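To start, the structure itself, in structure tokens.
The values are calculated or read from the model by the stated rules, or taken from the named source; none is laboratory data. On a predicted model such as this, the values are computed, not experimentally measured, just so you know. Neighbour counts are summed over all protein chains in view; Cβ atoms, including those assigned to glycine, are modelled from backbone coordinates with ideal geometry. These accessible areas exclude ligands, DNA and RNA; they are computed on the full protein's heavy atoms, side chains included. Shrake-Rupley method; radii C 1.70, N 1.55, O 1.52, S 1.80 Å.
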Amino acid sequence: MLAFICRSEPCSRSFIATNARSLLPRTLLALLLCLALPASAFADGFISRLLHKPVPGGVAVLQLGERSAAPSVSYLGKPVLVVREDGKRWIAIVGIPLKTAAGQQQALVDGKPVAFSVGSKHYREQRITLKNPQQVNPDAANLKRIDRELAEQNRAYAQFSARQPSNLLFDKPVNSPLSSPFGVRRFFNGEERNPHAGLDFAVPAGTPIKAPAAGKVILIGDYFFNGRTVFVDHGQGLISMFCHMSKIDVQLGQELPRGGLIGKVGATGRATGPHMHWNISLNDVRVDPAIFIGKFTP
């Protein structure tokens, strides 16, 4: 940091002698700022600092360097989102499955292995009582419907388009505090089911839901568990899903601008009351949406 100051000011002995009183506070301030920032802040750009949360259910940002063309990256056999950061270096933005154990993982960059580390994260439990037993232990007819609907939604999550995301710091789809976080272990009527794969926002029925980034509507449905649902493709496997809606205001194939109206909050499907449920998927992996709105908690 002293070298940085000397590059911006004349560094003769007489200058230092005559300006020591004013130089010292600035030097100390610069050193304190240096200590307050993580080392990666000087090398990584804004998107890397925002998104690099390498835990189960999180995101790893891999630095790929400067090159003329985008490298090809895959993880667990799925293509990965690659963008150019700060108009210079390429980065890969990798979604990490919630069940991943802490330790080393490996992506392929142009066919060559690149290792990255995954840390640990504790997710709390949530116990929910439902009045309709079919939403806990569905009968054979409903199971058949659920399997069909799950396959349809999984095909949407697996899509990978060539479009570049318009933004990676997302807007919240509704202007409300979070009510239920990602990754919570859920027990319905005392029976454990899949962890919470998104974020919930407690807002009244009828509240408008807006697109957190530009994208294309790739699936619309009315599902057993999710109720009225919309999938939006933001580009390169970055996909949002909004569910439990009371009203859908888009059509299949529609291009949405950032902030475009998707529909209205409701309580359709398996829901105990009106709320906005939002999923984000990366390389066909459900990850914590809080990362993309700057609300991630370790």
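In the set HIS277, HIS234, only one residue is open to solvent by 10 Å² or more (accessible area, probe 1.4 Å), touching a residue at least 24 places away in the same chain (Cβ under 8 Å) and of a type outside the set (A, V, I, L, M, F, W, C); that residue is HIS277. Taking the listed residues GLY269, GLY253, GLY215, GLY259, the one that is open to solvent by 20 Å² or more (accessible area, probe 1.4 Å) and closer than 28 Å to ALA60 by Cα is GLY259, with no other qualifying.
Might you let me know whether the range 220-228 holds any residue that is buried (at least 20 other Cβ atoms within 10 Å of the Cβ) and within 21 Å of SER176 (Cα to Cα)? There is at least one residue in the range 220-228 that is buried (at least 20 other Cβ atoms within 10 Å of the Cβ) and within 21 Å of SER176 (Cα to Cα). Note on the range 60-96: residues that are surrounded by 18 or more Cβ atoms within 10 Å (Cβ to Cβ) and assigned to a loop (DSSP other than H, G, I, E, B) amount to 3.
Apart from one condition, ILE248 fits all of (1) crowded, with 18+ Cβ neighbours inside 10 Å; (2) under 17 Å from ILE293 (Cβ atoms); (3) modelled with pLDDT of 95 or more; the exception is (2).
Close contacts from the range 63-89, counting a first residue that is among the charged types (D, E, K, R) and a second that is open to solvent by 40 Å² or more (accessible area, probe 1.4 Å) and assigned to a strand (DSSP E or B), with Cβ to Cβ under 8 Å and a gap of 6+ residues or different chains, come to GLU66/ARG89; ARG89/GLN63. Reported count of residues in the range 229-281, each being closer than 25 Å to LEU51 by Cα, outside any strand (DSSP E or B) and not basic (Lys, Arg), is 5.
Taken together, LEU169, LEU130 contain a single residue that is surrounded by fewer than 14 Cβ atoms within 10 Å (Cβ to Cβ), at pLDDT below 85 and not in a helix (DSSP H, G or I), which is LEU130.
Being of a type outside the set (A, V, I, L, M, F, W, C), at pLDDT below 95 and either closer than 30 Å to ARG84 by Cα or under 21 Å from the mean Cα position of the chain (by Cα) (or both): is that true of ARG155 here? So ARG155 does not fit the description; no. Here the condition is being within 16 Å of GLY253 (Cα to Cα), in contact (Cβ under 8 Å) with a residue 12 or more places away in the chain and not acidic (Asp, Glu); of GLY227, GLY215, GLY206, it holds for GLY215 alone. For first residues located in the range 240-258 and touching a residue at least 40 places away in the same chain (Cβ under 8 Å), partners that are part of a loop (DSSP other than H, G, I, E, B) and open to solvent by 50 Å² or more (accessible area, probe 1.4 Å) and lie 6+ apart or on another chain with Cβ distances below 7 Å form the pairs SER246/ALA205; ARG258/SER166; ARG258/ASP171. Note on the range 102-123: residues that are out of contact with any strand residue (DSSP E or B) (no Cβ under 7 Å at 6 or more places or on another chain), open to solvent by 70 Å² or more (accessible area, probe 1.4 Å) and either modelled with pLDDT of 95 or more or not small (Gly, Ala, Ser) (or both) amount to 3.
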